[in-house]
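Peer 1: Before I ask anything, here is the structure I am working with.
No lab work stands behind these numbers, since they all come straight from the coordinates. Just so we're clear, the structure is a prediction, and the values are computed from it rather than from any experiment. Positions of Cβ are generated from backbone atoms using ideal geometry, with glycine treated the same way; all protein chains shown enter the neighbour counts.
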Amino acid sequence: MNQGSISRRRALGLMGALAGGTLAALAPHGALAQAGGHFPSRPLTLIMPFPAGGATDAQMRALGLALGKELGQQVIVVNQPGLAGTLAPATMARNAAADGYTVSIVPATLFRLPHLQKVTFDPTTDFSYVICLTGYTNGLVVRADAPWKTLQDLLADAKARPGRINYASTGIGSGGHIAMERLARAAGVQFNFAPYKGMAEETTALLGGHIDVISDPGWGALVDGGKARVLATLGSERLQRRPQVPTLKELGYDITVHSPVGVVAPKGLPPEVLKTLHDAFRRAMKDAEYQRILAQYDQFDMYMSSAEYGKYAVEQVAREKVFVEQLGIKLQ
């Protein structure tokens, strides 16, 4: 194959990515990507599985800037929302080269969704686990002018008006969705579920009166701005910044949500590239702006090394299978 054919192929691939929004063609492929040796020798793509404007987007753009300084290369953040945050990593796993130049943020839904519906990925075999970064703090949030001052108020109204109160979460099968359905079952009430692509869309819908409750993370700035009220959090303990807000467990519902957020690459990532990425992300996690935005959204460091994160993924997939079977929820 002559050099002209390779150049034409590259050009066609880039045109396809721009026209169709496919992330695969944005990443270098095959031996061409590694020609020249040292990693990284070109910009990297960090795929964001949620829409622009949300909490995770703000956090990871700050982290991407810090990561770029650590690696000496630009880190380009590309948004590709869908399938409760699993579309982007699944697309990357199928199409991107295992060279370290394309990585994706992943939520905990990656480990649960295969047990709820048919998916195109296997979380135990299709990814190289780079690092676990942080953990979401889920909350049940309503508008500041909502009639419900407490969770008990909300549940009493839901019992009086079955299926009339709408709640949103990021996609079918997300932690917020499963938690809210568990709460409804435990309290003997019925809510109406509206899946959204991310917190930015949910915030618009909440403030516009299209939904009544958000069951998701990323609500800190909304509450701090006086636009919303959090009725309960879904962690195992009260938040240091919000000691007045009870947990679901305190209120008599044994429901907690721990939602790690990490970075994955396609399977087969060379060990030296994996180490370079892990170490750079680990240093970037100390960036002051990144830490400031985490705190703004009541999030925290939840570091796991590459080996620890990979082991956690396998174990969590098995735990989610048992949990979903016990709950009896099937989406498809």
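Peer 1: Calculate I(q)/I(0) for segment 87-207 by the Debye formula, one identical point scatterer on each C-alpha and no solvent, and give its log10 at q = 0.14 Å⁻¹ to two decimals.
Peer 2: So the normalised log intensities work out to -0.72.
Peer 1: Just need log10 I(q)/I(0) for the chain at q = 0.09, 0.10 Å⁻¹, Debye formula, equal scatterers on the alpha-carbon atoms, no solvent, rounded to two decimals.
Peer 2: With no solvent term, the Cα-only Debye profile gives -0.48, -0.59.
Peer 1: Can you pull the Rg over Rh of segment 139-233, Cα-only, Kirkwood?
Peer 2: On the way: Rg = 11.9 Å, Rh = 12.9 Å.
Here the Rg-to-Rh quotient is 0.92.
Peer 1: In segment 76-223, what % of DSSP beta bridges are antiparallel (nearest 5)?
Peer 2: Numbers: 4 of 11 bridges.
Counting only bridges with both partners in segment 76-223, antiparallel ones make up about 35 percent.
Peer 1: Still on this structure: Using R₀ = 30 Å, calculate the FRET efficiency as 1/(1 + (r/R₀)^6) where r is the Cβ-Cβ separation of LYS321 and LYS149; round to 0.05.
Peer 2: On the way: r = 38 Å, r/R0 = 1.28.
It comes out at approximately 0.20.
Peer 1: With Cβ to Cβ distances under 13 Å as the rule, what net charge do the other residues near THR150 carry (K, R +1; D, E -1)? Don't jump to the answer; show the numbers that get you there.
Peer 2: Numbers: positive: LYS149, ARG229; negative: ASP153, ASP157, GLU250.
Its environment carries a net charge of -1.
Peer 1: I'd like to know which of ALA146, ASN166, GLY188 lies farthest towards the positive end of the charge dipole of segment 139-233, counting +1 on Cβ of Lys and Arg and -1 on Cβ of Asp and Glu.
Peer 2: GLY188
Peer 1: Hey, if you put +1 on the Cβ of every Lys and Arg and -1 on every Asp and Glu Cβ in the chain, which of THR134, LEU239, GLY82 ends up farthest toward the positive end of that dipole?
Peer 2: GLY82
Peer 1: Same structure, new question: At each listed q (0.18, 0.21 Å⁻¹), what is the log10 of I(q)/I(0) that the Debye formula gives for segment 197-332 modelled as equal alpha-carbon point scatterers?
Peer 2: So the normalised log intensities work out to -1.28, -1.36.
Peer 1: Here is a further query. Given Cα pairs under 8 Å that are at least 6 residues apart, what percent is the relative contact order of the chain? Provide the component values of the computation, followed by the final result.
Peer 2: Details: 629 pairs, mean separation 84.6, N = 332.
The value is 25 percent.
Peer 1: Oh, and also: If you count the DSSP beta bridges with both ends in the chain, what percent of them are antiparallel, to the nearest 5? Write down the numbers at each step before the final one.
Peer 2: Values: 23 of 39 bridges.
About 60 percent, rounded to the nearest 5.
Peer 1: For ILE293, what charge total do you get from the other residues with a beta carbon under 12 Å from its beta carbon, if Lys and Arg give +1 and Asp and Glu give -1?
Peer 2: On the way: positive: ARG61, ARG292; negative: ASP57, ASP287, GLU289, ASP298.
Counting the neighbours of ILE293, the net charge comes to -2.
Peer 1: Mind checking the dipole of segment 139-233: about its Cα centre, +1 per Lys or Arg Cβ, -1 per Asp or Glu Cβ, Debye to the nearest 20? Numbers along the way, then the final one.
Peer 2: Working: 10 positive and 9 negative charges, 48 e Å.
Using only the charged Cβ atoms, the result is roughly 220 debye.
Peer 1: Counting each DSSP H run of 4 or more residues in the chain as -39500 (n - 2.57), what helix-only mean residue ellipticity at 222 nm follows after dividing by all residues, to the nearest 500 deg cm²/dmol?
Peer 2: On the way: 12 runs with 135 residues, N = 332.
Theoretical 222 nm ellipticity from helices: -12500 deg cm²/dmol.
Peer 1: Further question: What is the mean projected area of the alpha carbon convex hull for segment 225-288, to one decimal in square nanometres? Intermediate values should be presented prior to the final figure.
Peer 2: Numbers: hull surface 29.8 nm².
In nm², the orientation-averaged hull projection of segment 225-288 is 7.5.
Peer 1: Magnitude of the Cβ-charge dipole of the chain, K/R +1 and D/E -1, about the Cα centre, nearest 20 debye?
Peer 2: Values: 33 positive and 27 negative charges, 84 e Å.
Around 400 debye, computed over the chain.
Peer 1: Taking only C-alpha pairs under 8 Å that are 6+ residues apart, what is the relative contact order of segment 139-233 in percent? Show your work: numbers first, answer last.
Peer 2: Working: 155 pairs, mean separation 44.5, N = 95.
Computed value for segment 139-233: 47 percent relative contact order.
Peer 1: With the cut-off at 31 Å, tell me which of the pairs LYS197/LYS267; LYS159/LYS227; LYS159/LYS311; LYS286/LYS321; LYS249/LYS311 have Cα atoms farther apart than that. The partial results should precede the final answer.
Peer 2: Numbers: LYS197/LYS267 26 Å; LYS159/LYS227 26 Å; LYS159/LYS311 42 Å; LYS286/LYS321 34 Å; LYS249/LYS311 28 Å.
In this structure, LYS159/LYS311; LYS286/LYS321 exceed 31 Å between Cα atoms.
Peer 1: Right, next: Rank these for me by crowding, ASP57, ASP298, ASP122, going from fewest to most other beta carbons within 10 Å. Before the final figure, lay out each step's value.
Peer 2: Numbers: ASP57 22, ASP298 26, ASP122 13.
Fewest to most other Cβ atoms nearby, the residues stand as ASP122, ASP57, ASP298.
Peer 1: If you don't mind, another one. Going 7 Å from the Cα of THR120 along its beta-carbon direction, which residues of segment 96-111 have the amide nitrogen within less than 12 Å of the resulting point?
Peer 2: Backbone N within reach: 96.
Peer 1: While we're here: How large is the Kirkwood hydrodynamic radius of segment 28-140, counting all unique pairs of alpha carbons, in Å?
Peer 2: Working: mean 1/r = 0.0663 Å⁻¹.
After inverting the mean inverse Cα-Cα distance, the result is 15.1 Å.
Peer 1: Which whole-angstrom value gives the distance between the alpha carbon centres of segment 213-285 and segment 64-114?
Peer 2: Taking the Cα centre of segment 64-114 as reference, the centre of segment 213-285 is 18 Å away.
Peer 1: Same structure, new question: Distance in nm between label sites at LYS267 and ILE76, each 7 Å beyond Cα in the beta-carbon direction?
Peer 2: Placing both labels 7 Å along Cα→Cβ, they lie 2.7 nm apart.
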